[in-house]
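Enquirer: One structure, as structure tokens, below. Some questions next.
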Amino acid sequence: MNDILVKLGNIGIVPVVALDDAADALELGKALMAGGIPCAEVTFRTAAAEESIRILSKEIPEMLTGAGTVLTTEQVDRAVSAGAKFIVSPGYNPKVVDYCVSKNIPVVPGCSTPSDIEMALEAGLEVVKFFPAEAAGGLPMIKAMSAPYGAVKFMPTGGINSSNICNYLAFDKIIACGGSWMVDKKLVAAKNFAEITRLSKEAVDTILGFELAHVGVNIDDADKAGESADRLNTLFGFERKDGNSSIFAGSGIELTKVKFPGANGHVGIRTNSVERAMYHLEQRGAKFDYDSIKKDDKGKIKAVYLKEEFGGLAFHLIRK
């Protein structure tokens, strides 16, 4: 998959931005970056789109700025000349898609039928937009259409919001979702960029879904770990669960039989996607022990440790 599309997948959310005044572009871009969403799809539905893309690409080059609602090859040229790193269209226009493919420009065309998907496959595309997502059948429709096309990934847009985005992203054929709730035009018009940052942070927190899984206590001895588990079970009525390298007292306390990371123990944090959580946490300065990565039989990461400890406790992410 194209590196740009891989990064969009790691981010998980693609804000769909319609700007009426290019003078708002820079502050909007800064607000999104501060909120942890370093990308934007600037739609060509307004006259300010081209200049907005140019400003974002020049002033915030680390941001993945793309062009949306691209309907013609002439718009492709204008968008790319302004600095757009990817192209998104509402429908499947063979002329636009073939033009982008011929110039190695990442393009995500709108596909809402199996026929659309087959044209995308013929063009060599791996990712398509599903639009308008909710109106066209939502997640059930994506699941139904994806069954015969195992290699195709989707980026649904239209009706996606904070209450349903996690349902979409939980399906492994969806790399990211487009949405506009964090960049509502009323907020931009009011220049309420602080609220855009807050909503962006909230959106990232929502898709990551961090929650405490368990606390690990370093016992490092199988017999002592068993004795400790039995004692905790007697005191609190927990159920003992034996594993290969540790024993759980209930679901929240892990007593290690062997040496685990962490001077004193560890904390497990659940997340909706370990890969996506790693990307966002690395943007916040976290470092990971890549040697600690564990994957499932499909190659997806199910657990990884952070390198840093807190009070002698190691932390690791666990996929829900």
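Enquirer: Quick check: anything in the stretch 30-46 acidic (Asp, Glu), modelled with pLDDT of 95 or more and surrounded by fewer than 24 Cβ atoms within 10 Å (Cβ to Cβ)? Outline the logic, then answer.
Expert: Let us first name the residues in the stretch 30-46 that are acidic (Asp, Glu), namely 41.
Pick out the ones that are also modelled with pLDDT of 95 or more and you get 41.
Cutting the leftovers down to surrounded by fewer than 24 Cβ atoms within 10 Å (Cβ to Cβ) gives us none.
No, the conditions are met nowhere in the stretch 30-46.
Enquirer: Is it true that Gly110 is at pLDDT 95 or above and at positive phi?
Expert: Judged against the criteria, Gly110 is not a match.
Enquirer: Which of the residues spanning the stretch 246-267 are of a type in the set (S, T, N, Q) and either in a strand (DSSP E or B) or touching a helix residue (DSSP H, G or I) at 6+ places or on another chain (Cβ under 8 Å) (or both)? Before you say what the answer is, go through the steps one by one.
Expert: Here is the first cut: in the stretch 246-267, the ones of a type in the set (S, T, N, Q) are 246, 251, 256, 264.
Correct list: Ser246, Thr256.
Enquirer: Something else: In this structure, is Glu202 within 30 Å of Ala40 (Cβ to Cβ), touching a Gly at 6+ places or on another chain (Cβ under 9 Å), in the same structural domain as Thr43 (by TED's automatic domain parsing) and in contact (Cβ under 8 Å) with a residue 40 or more places away in the chain? Show your work before the answer.
Expert: Working: within 30 Å of Ala40 (Cβ to Cβ): yes; touching a Gly at 6+ places or on another chain (Cβ under 9 Å): yes; in the same structural domain as Thr43 (by TED's automatic domain parsing): yes; in contact (Cβ under 8 Å) with a residue 40 or more places away in the chain: yes.
For Glu202, the condition - within 30 Å of Ala40 (Cβ to Cβ), touching a Gly at 6+ places or on another chain (Cβ under 9 Å), in the same structural domain as Thr43 (by TED's automatic domain parsing) and in contact (Cβ under 8 Å) with a residue 40 or more places away in the chain - is met.
Enquirer: Here's another thing I want to ask about it. What are the pairs, 6+ residues apart or on separate chains, where a residue within the stretch 225-242 that is without any contact (Cβ under 8 Å) to a residue 60 or more places away in the chain has its Cβ under 7 Å from a residue that is surrounded by 10 or more Cβ atoms within 10 Å (Cβ to Cβ) and part of a helix (DSSP H, G or I)?
Expert: The qualifying pairs are Phe238/Leu232; Glu239/Asn233; Arg240/Ala229; Arg240/Asp230; Arg240/Asn233.
Enquirer: Further question: Looking at the structure I just gave you, is Asp220 of a type in the set (Asp, Glu), more than 33 Å from the chain's Cα centre (by Cα) and either modelled with pLDDT of 95 or more or farther than 30 Å from Asn164 by Cβ (or both)?
Expert: Working: of a type in the set (Asp, Glu): yes; more than 33 Å from the chain's Cα centre (by Cα): yes; either modelled with pLDDT of 95 or more or farther than 30 Å from Asn164 by Cβ (or both): yes.
In short, yes.
Enquirer: Additional query: Can you spot a residue in the stretch 240-259 that is under 17 Å from Val304 (Cβ atoms) and either surrounded by 17 or more Cβ atoms within 10 Å (Cβ to Cβ) or of a type in the set (Gly, Ala, Ser) (or both)?
Expert: Pass one, the stretch 240-259, residues under 17 Å from Val304 (Cβ atoms): 245, 254.
Keeping just the survivors that are either surrounded by 17 or more Cβ atoms within 10 Å (Cβ to Cβ) or of a type in the set (Gly, Ala, Ser) (or both) gives 245, 254.
Yes, the stretch 240-259 contains at least one residue that is under 17 Å from Val304 (Cβ atoms) and either surrounded by 17 or more Cβ atoms within 10 Å (Cβ to Cβ) or of a type in the set (Gly, Ala, Ser) (or both).
Yes or no, residue by residue, for (1) among the charged types (D, E, K, R); (2) in a helix (DSSP H, G or I):
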| site | (1), (2) |
| --- | --- |
| Pro90 | no, no |
| Val96 | no, yes |
| Ser112 | no, no |
| Glu134 | yes, no |
| Ala144 | no, yes |
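Enquirer: Tell me which residues, restricted to the stretch 1-51, are in a helix (DSSP H, G or I) and not hydrophobic (A, V, I, L, M, F, W, C).
Expert: Kept after step one, since they are in a helix (DSSP H, G or I), are these residues of the stretch 1-51: 3-11, 22-34, 49-51.
Once the filter is applied, which keeps residues that are in a helix (DSSP H, G or I) and not hydrophobic (A, V, I, L, M, F, W, C), the stretch 1-51 yields Asp3, Lys7, Gly9, Asn10, Asp24, Glu27, Gly29, Lys30, Glu50, Glu51.
Enquirer: Also, I was wondering about something else. Assess whether Val101 counts as being over 16 Å from Cys177 (Cβ atoms) and touching a Pro at 6+ places or on another chain (Cβ under 8 Å).
Expert: On the way: over 16 Å from Cys177 (Cβ atoms): yes; touching a Pro at 6+ places or on another chain (Cβ under 8 Å): no.
It is false that Val101 is over 16 Å from Cys177 (Cβ atoms) and touching a Pro at 6+ places or on another chain (Cβ under 8 Å).
Enquirer: Exactly one of (1) in contact with a strand residue (DSSP E or B) (Cβ under 6 Å, 6 or more places away or on another chain); (2) of a type in the set (D, E, K, R); (3) closer than 21 Å to Asp220 by Cα is unmet by Arg270. Its number?
Expert: Arg270 satisfies all of (1) in contact with a strand residue (DSSP E or B) (Cβ under 6 Å, 6 or more places away or on another chain); (2) of a type in the set (D, E, K, R); (3) closer than 21 Å to Asp220 by Cα except (3).
Enquirer: Can you work out which of the residues in the stretch 280-320 that are of a type in the set (Asp, Glu) and closer than 24 Å to Leu169 by Cβ is surrounded by the most Cβ atoms within 10 Å (Cβ to Cβ)?
Expert: Going through the qualifying residues, I end up with Glu282.
Enquirer: When the stretch 132-187 is examined, which residues are found to be β-branched (Val, Ile, Thr) and either surrounded by fewer than 19 Cβ atoms within 10 Å (Cβ to Cβ) or over 30 Å from Leu26 (Cβ atoms) (or both)?
Expert: We begin by selecting, within the stretch 132-187, every residue β-branched (Val, Ile, Thr); these are 142, 152, 157, 160, 165, 174-175, 183.
Answer for the stretch 132-187, where residues must be β-branched (Val, Ile, Thr) and either surrounded by fewer than 19 Cβ atoms within 10 Å (Cβ to Cβ) or over 30 Å from Leu26 (Cβ atoms) (or both): Ile142, Val152, Ile174.
The values are calculated or read from the model by the stated rules, or taken from the named source; none is laboratory data. Bear in mind that the values here come from a model prediction, so they are computed numbers and not experimental data. Positions of Cβ are generated from backbone atoms using ideal geometry, with glycine treated the same way; all protein chains shown enter the neighbour counts.
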